[in-house]
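A.B. asks: Here it is, the structure in full.
The values are calculated or read from the model by the stated rules, or taken from the named source; none is laboratory data. Not measured: the values here are computed from a predicted model. So basically every Cβ, Gly included, is an ideal-geometry build from the backbone, and we count neighbours across all protein chains shown.
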Ligand SMILES: C[S@@+](CC[C@H](N)C(=O)[O-])C[C@H]1O[C@@H](n2cnc3c(N)ncnc32)[C@H](O)[C@@H]1O
């Protein structure tokens, strides 16, 4: 089932039943950015603006589900704004999410000579859940990489002193590790942006790459689970969800982007499930 909804996600999300969604992957409008393209909020009002949506996301997410938020604060007069840190703390302290982890999405840097700082080549993706973080849906090898020779060699080294935290090789079954074909990926994901705001202006100014979404959907859901993107934009999350045989709910405010998302998700080769539309 694919359900595409045109309208305001703060309202439309209220129609989604409690604890019915397995994964939310979204990139909301960043504060003080792209004002000519779509509605957004200033950094000062951002946390209060987002909170009602956070409360709804918490209501509809299954206890085994995951909420991933991709957002990076801008710089102004040489200083990086801190509203995203406030947002993450608010989602934990006032909305009541468990904060599982922070991922780093490494991408191609936008060229430029900035004063006092280097090119920006990563964006964070914050991971929240509502239940016990140790019991969320998790497929650690779904995006596994082939074991490196040197990693296998490490398992033969003499072990010295186990750390109290139980981390590291000590305490692990090294024979099992040697027999593994795949290694778990890290929380640093390298996917270059295939489009950008200049080359693909006619599409959408802020599309994220399919490979980024694929990593999270494969690692934290199973087939026939339900994925939501409340700020759907051009529909990238929907395209990947459909290809991977997940159900998808997408909400987009702007008609022009909604139409683009609908076309992209519908396009032949983007999966096999039937589409149902609801126009807001
Ligand atoms: C950063 S873009 C998302 C881009 C998307 N990840 C993609 O790959 O195309 C944010 C989107 O949220 C939409 N938006 C802004 N406010 C919204 C609202 N209240 N409800 C639903 N969509 C909204 C904007 O029109 C914009 O398309």
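A.B. asks: For the list (1) within 21 Å of the chain's Cα centre (by Cα); (2) part of a helix (DSSP H, G or I), I need the number of the one condition that residue 63 fails.
C.D. replies: With (1) within 21 Å of the chain's Cα centre (by Cα); (2) part of a helix (DSSP H, G or I) applied to residue 63, the lone miss is (2).
A.B. asks: Further question on the same structure: Tell me which of these residue 68 doesn't satisfy, since it passes every other one: (1) within 14 Å of the ligand (Cβ to nearest atom); (2) modelled with pLDDT under 95.
C.D. replies: The single condition residue 68 does not satisfy is (2).
A.B. asks: So, in segment 239-266, of the ones that are touching a residue at least 40 places away in the same chain (Cβ under 8 Å) and near the ligand (Cβ under 9 Å from one of its atoms), which residue ends up surrounded by the most Cβ atoms within 10 Å (Cβ to Cβ)?
C.D. replies: 252
A.B. asks: Can I ask one more? Regarding segment 87-105, can at least one residue be identified that is touching a residue at least 12 places away in the same chain (Cβ under 8 Å), farther than 23 Å from residue 190 by Cβ and in a loop (DSSP other than H, G, I, E, B)?
C.D. replies: yes
A.B. asks: For segment 29-45, indicate whether the set of residues that are within 16 Å of the chain's Cα centre (by Cα) and exposed (fewer than 13 other Cβ atoms within 10 Å of the Cβ) is non-empty.
C.D. replies: No, the conditions are met nowhere in segment 29-45.
A.B. asks: For segment 153-169, state whether one or more residues are outside any loop (DSSP other than H, G, I, E, B) and modelled with pLDDT of 65 or more. First the steps, then the outcome.
C.D. replies: Here is the first cut: in segment 153-169, the residues outside any loop (DSSP other than H, G, I, E, B) are 153-154.
With modelled with pLDDT of 65 or more added as a condition, the list becomes 153-154.
Yes; the residues of segment 153-169 include at least one that is outside any loop (DSSP other than H, G, I, E, B) and modelled with pLDDT of 65 or more.
A.B. asks: Right, here's the next one. Looking at segment 213-238, which of its residues are over 19 Å from residue 129 (Cβ atoms) and either within 14 Å of the ligand (Cβ to nearest atom) or touching a strand residue (DSSP E or B) at 6+ places or on another chain (Cβ under 6 Å) (or both)?
C.D. replies: So the first thing to find is which residues in segment 213-238 are over 19 Å from residue 129 (Cβ atoms), and the list is 214, 223-224, 231-236, 238.
The answer is 214, 231, 232, 233, 234, 235, 236, 238.
A.B. asks: Mind listing just one residue for me: the one in segment 38-53 that is more than 13 Å from the ligand (Cβ to nearest atom) and touching a helix residue (DSSP H, G or I) at 6+ places or on another chain (Cβ under 6 Å) and, of those, modelled with the lowest pLDDT?
C.D. replies: Here is the first cut: in segment 38-53, the ones more than 13 Å from the ligand (Cβ to nearest atom) are 42-45, 47-48, 51.
Now narrow it down to the ones that are touching a helix residue (DSSP H, G or I) at 6+ places or on another chain (Cβ under 6 Å): 43, 47.
On the way: 43: 94, 47: 97.
Ranking the qualifying residues of segment 38-53, first place goes to 43.
A.B. asks: Still on this model: Pick from 137, 108: which is surrounded by fewer than 18 Cβ atoms within 10 Å (Cβ to Cβ), in a loop (DSSP other than H, G, I, E, B) and under 16 Å from the mean Cα position of the chain (by Cα)?
C.D. replies: Values: 108 fails: under 16 Å from the mean Cα position of the chain (by Cα).
Selected residue: 137, the only one of 137, 108 that is surrounded by fewer than 18 Cβ atoms within 10 Å (Cβ to Cβ), in a loop (DSSP other than H, G, I, E, B) and under 16 Å from the mean Cα position of the chain (by Cα).
A.B. asks: Sticking with this structure for a sec: Can you find, within segment 66-86, the residue that is surrounded by the fewest Cβ atoms within 10 Å (Cβ to Cβ) among those that are in contact with a strand residue (DSSP E or B) (Cβ under 8 Å, 6 or more places away or on another chain) and assigned to a strand (DSSP E or B)? It would help to see each step written out before you state the result.
C.D. replies: From segment 66-86, those in contact with a strand residue (DSSP E or B) (Cβ under 8 Å, 6 or more places away or on another chain) are 66-74, 81, 84; that's our starting set.
Add one more test, that the residue is assigned to a strand (DSSP E or B), and what stays is 66-70.
Values: 66: 26, 67: 24, 68: 24, 69: 22, 70: 20.
The selected residue is 70.
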